[in-house]
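J.: Got a structure here, written out as structure tokens. Questions coming.
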Amino acid sequence: MALNDMKIRKAQATEKPLKLFDGDGLFLFVTPKGGKLWRLKYRFDGKEKLLSLGTYPEIGLADARERKDEARKLLAQGRDPGIVRKAQKQAETSETETFEVIAREWHAKFTPTWTPGHSTKILNAITRDLFPWIGARPIKDLKAPELLTTLRRIESRGTLETAHRVRGLMGQIFRYAVATGRAERDPAADLRGALPQPGEKHHAAITDPKEVAPLLRAIDGYTGHFVVKCALRIAPLVFVRPGELRHAEWAEINLDEATWNIPGEKMKMKEPHLVPLCCQAVEILKDLHPLTGSGRYVFPSARSLARPMSENAILAALRRMGYSKNEMTGHGFRAMARTILDEVLQVRPDFIEHQLAHAVRDPNGRAYNRTAHLSERKKMMQTWADYLDGLKAGAKIIPFPVQVDR
């Protein structure tokens, strides 16, 4: 006899699974734990099969019968309703679990842990180099050969370093997909060694004191935008990374104490960093404050006080002064300070490394805090600034120590 709502509600679990048939292959499967599941028994190609139609009470008797009728129509057309259901699920998965969907979800998840510039750089890279080729593909279907073809396109542009960087991003996205149940494994791991290793590349920098002096004079004589000139003047005095300089905020700077406290979220290593400011740096900031002090950023964009200076502003200024990309970059001020402080001024290397915000450990292997060796670093920063002033004024240049083979 056909089922009705009362029979279904009163159906009790027993020690063994219970089947209550409705007719035409439809039955309610009652589990020993009391679960009630709709099933359709049918034959296709001479084989008996079962199709799940949902769970009671979410799917009532009328809905179950309607689903049964739809399955019977497919059988009448010579189509297996089980295979049709599987294909429909795969199509839904293909739309919601593509590489691009997962990659954007991963990016949104980790953006709060990155600096704004780093977050934008990552999104631009995957949007430009990955989404056009594999963005629409279901992430679980992607295999190593297809990923390698995508990376070869980047390599063919002559950007091998970018190809390696993008491969790393691929791996992070796939590992996120594995962790969230959308992929079985990380095929990007199979690409290790598949790309040639790029040659070691350093940021162009002037490190010879004889060449530093003309650069500093050129900066003092720069006739471009005043904010850019101030950034150029202060860059060699603080030797932070270009992105950290561009995003400097007045709220982080204490002119009375001559310190610049950079929060961890802006730093590459995600640790807060303290920059002692020499007298020369304080004077530059005092000159700039009447112009930009009412806004957020110390070095704002020429178009809006609400945005930091363009990442190309210092590079463009250096080019305007006649320095090519193979001679000097904004990052080069760090190498300049590191080299001369170590080899000419004979400053302790750990003081220099700490001021560069590199990973420096104490004898017990623990990371130093941001105020470590603060008094020594203050002296170092002032000595460095005075040394640069001496170079500009034409003081006698101390040569690099001569290495003698013994």
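Taken together, the values in this text are just the output of simple stated rules run on the coordinates, not laboratory data. Just so it is clear, the structure is predicted and the values come from calculations on it, not from any experiment. Neighbour counts run over all protein chains shown; Cβ positions are idealised from the backbone, glycine included.
J.: For a Förster distance of 22 Å, can you work out the FRET efficiency between the beta-carbons of residue 268 and residue 316, rounded to the nearest 0.05?
T.: The calculated FRET efficiency here is 0.40.
J.: What Kirkwood Rh does the range 99-191 have if only Cα atoms enter the pairwise 1/r average? Answer in Å.
T.: That comes to 13.2 Å for the range 99-191.
J.: Okay, next question. Could you give me the ³J(HN,Hα) list for the range 224-238, computed from phi with Karplus coefficients 6.51, -1.76, 1.60 and θ = phi - 60°, whole Hz, x at Gly and Pro?
T.: 3J(HN,Hα) across the range 224-238, in whole Hz: x, 4, 4, 5, 5, 4, 5, 5, 5, 5, 8, 4, x, 8, 10.
J.: When the label point is put 7 Å from the Cα of residue 2 along its Cα-to-beta-carbon vector, which residues of the range 26-60 have a backbone N closer than 16 Å?
T.: 26-28, 60
J.: Could you give the length gained on full extension between residue 20 and residue 302, defined as 0.36 nm per residue of separation minus the Cα-Cα distance, in nm?
T.: Using 0.36 nm per residue and subtracting the Cα-Cα distance, I get 93.9 nm.
J.: Can you tell me the Rg and Dmax of the range 165-291, counting just the alpha carbons, in angstroms?
T.: Cα radius of gyration and Dmax of the range 165-291 are 21.2, 60 Å respectively.
J.: Given 37 °C and 0.692 mPa s, how large is the Stokes-Einstein diffusion coefficient of the range 209-392 in µm²/s, with Rh as the Kirkwood radius over Cα pairs?
T.: It comes out at roughly 195 µm²/s.
J.: In straight Cα distance, which lysines are under 29 Å from residue 19, not counting same-chain residues fewer than 8 positions off?
T.: 7, 10, 33, 36, 41, 47, 49, 68, 73, 86, 89
J.: Let me ask you something else. With charges only on Cβ, +1 for K and R and -1 for D and E, what is the dipole size of the range 5-90 about its Cα centre, in debye, rounded to 20?
T.: It works out to roughly 200 debye.
J.: Now for a separate question. What does the charge add up to near residue 338, with Lys and Arg as +1, Asp and Glu as -1, over the other residues with Cβ less than 13 Å from its Cβ?
T.: Surrounding charge for residue 338 is -1.
J.: Between residue 13 and residue 210, with labels modelled 7 Å along Cα→Cβ, what's the label distance in nm to one decimal, could you check?
T.: In this crude label model, residue 13 to residue 210 measures out at 8.9 nm.
J.: Next up: Given Cα positions, please report Rg to Rh for the range 1-121, the hydrodynamic radius being the Kirkwood one.
T.: Across the range 1-121, the Cα-based Rg/Rh ratio is 1.22.
J.: Taking a cut-off of 23 Å between Cα atoms, list the lysines near residue 210, but don't count ones fewer than 8 places away on the same chain.
T.: Partners found: 229, 325, 392, 396.
J.: Using θ = phi - 60° and the Karplus curve 6.51 cos²θ - 1.76 cosθ + 1.60, what whole-Hz ³J(HN,Hα) does each residue of the range 35-46 get, with Gly and Pro shown as x?
T.: x, 10, 10, 7, 9, 10, 9, 8, 10, 9, 6, x
J.: What distance in nm lies between label points placed 7 Å from Cα along the C-beta direction at residue 217 and residue 84?
T.: Each label point is offset 7 Å from its Cα along the Cβ direction, giving 8.6 nm.
J.: Mind computing the radius of gyration and Dmax over the alpha-carbon atoms of the chain? Å is fine for both.
T.: 33.0, 109
J.: Please give the Cα centre distance for the range 39-79 versus the range 259-314, rounded to the nearest Å.
T.: Between the Cα centre of the range 39-79 and that of the range 259-314, the gap is 67 Å.
J.: Select from 341, 11, 315 the residue farthest towards the positive end of the dipole of the chain; place +1 on Cβ of Lys and Arg, -1 on Cβ of Asp and Glu, and compute about the Cα centre.
T.: Going by the charge dipole, the pick is 11.
J.: If amide H atoms are built 1.01 Å from N in the plane of the peptide, which residues on other chains or at least 5 residues away come under 5 Å of the amide H of residue 302?
T.: Those qualifying (amide H under 5 Å, at least 5 residues apart or on another chain) are 310.
J.: Here's a follow-up. Between residue 33 and residue 257, what is 0.36 nm times their sequence separation minus the Cα-Cα distance? Round to one decimal in nm.
T.: Result: 73.5 nm gained on full extension.
J.: Ok, one more. Given an 8 Å cut-off on Cα distances and at least 6 residues of separation, report the relative contact order of the chain as a percent.
T.: About 11 percent, as a whole number.
J.: Once you have the alpha carbon radius of gyration of the range 229-291, what is it after dividing by 2.2 N^0.38 Å, with N set to its residue count?
T.: For the range 229-291, the normalised Cα radius of gyration comes out at 1.04.
J.: Excluding same-chain residues fewer than 8 positions from residue 378, which lysines have a Cα within less than 20 Å of its Cα?
T.: 286
J.: Please give the charge dipole size of the range 235-296, origin at the Cα centre, charges +1 on K and R Cβ atoms and -1 on D and E Cβ atoms. Round to the nearest 20 debye.
T.: 300
J.: Further, regarding this structure: For the range 169-184, take each phi angle, set θ = phi - 60°, evaluate the Karplus expression 6.51 cos²θ - 1.76 cosθ + 1.60, and give the result in whole Hz per residue in order, putting x for glycine and proline.
T.: Once θ is set to phi - 60°, the couplings for the range 169-184 become 5, 3, x, 5, 5, 5, 5, 5, 5, 5, 5, 9, x, 9, 8, 7 Hz.
J.: Give me the percent relative contact order of the range 56-213, please, defined on Cα pairs under 8 angstrom at least 6 residues apart.
T.: Rounded, it is 19 percent for the range 56-213.
J.: With a point put 7 Å past each Cα toward its Cβ, work out how far residue 123 is from residue 374 in nm, to one decimal.
T.: About 3.6 nm separates the two model spin labels.
J.: Relative to the present Cα-Cα distance, how much length would full extension add between residue 291 and residue 190 at 0.36 nm per residue of separation?
T.: Result for the pair: 31.0 nm of gain on full extension.
J.: Give me the dipole magnitude in Debye, nearest 20, for the range 209-392 about the Cα centre, with unit charges on the beta carbon: positive for Lys and Arg, negative for Asp and Glu.
T.: Here the size comes out at about 520 debye.
J.: OK, next. Please report the net charge: other residues with Cβ closer than 14 Å to the Cβ of residue 195, K and R +1, D and E -1.
T.: Spelling it out: positives minus negatives among the neighbours equals +2.
J.: Between 145, 51, 332, whose Cα lies farthest towards the positive end of the dipole of the chain when Lys and Arg beta carbons carry +1 and Asp and Glu beta carbons carry -1, centred on the Cα centre?
T.: 51
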